[in-house]
Amino acid sequence: MLKFIFTLMCQYMPCEHAEIVTKQAVLESGWLKSDAFVNKCNPFGLMWKGKIQEFESIEQACEEYTKQIYSRYKKGNYYTFLTKIGYAKDPKYIWKLKHINLNYE
């Protein structure tokens, strides 16, 4: 599933950013085990009006991430961008992302 998310995101953005976004999916969904992922196809924890968004497919969730988040990215370090837009409240969020070891097997 991680490789599938990574491959989808590579269709919307440079693959180096897609890898970071895949790490976001891992962190936000507890390695794809959260209720939001399992029951709502939402690996990113995307919210709308204070509620977790529900998607019909992973593809739809990836498209929505691109619209809500990636569309605001202009250039530079993607980790810095995530911090600037306040993607997460956890002050260790970027550190945690950087320390996720993805295995696409």
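Using the charge dipole of the chain (Lys, Arg: +1 at Cβ; Asp, Glu: -1 at Cβ; taken about the Cα centre), state which of L2, H17, L82 has its Cα farthest towards the positive end. Sorting the options by dipole projection puts first L82. Placing +1 on the Cβ of every Lys and Arg and -1 on the Cβ of every Asp and Glu, with no other charges, gives the chain a dipole of roughly 540 debye about its Cα centre.
So, by mean Cβ neighbours within 10 angstrom, what's the order for 30-36, 40-46 with the highest one leading? Intermediate results must be reported in sequence, preceding the final value.
On the way: 30-36: 13.7, 40-46: 21.1.
Going from most to least packed, we get 40-46, 30-36.
Is the shape of the chain best called rounded, prolate or oblate, per the rule: a/c under 1.5 gives rounded, else a/b larger than b/c gives prolate, else oblate, with a ≥ b ≥ c the square roots of the Cα gyration tensor eigenvalues? Mind showing how you got there, number by number?
On the way: a/c = 1.24, a/b = 1.15, b/c = 1.08.
Cα axes put the chain in the rounded bin.
Read-outs: derived from the displayed coordinates by stated rules, not from any lab. As the structure is a computational prediction, the values presented were derived from the model and not from experiment. Positions of Cβ are backbone-derived with ideal geometry, glycine not excepted, and every protein chain shown enters the neighbour counts.
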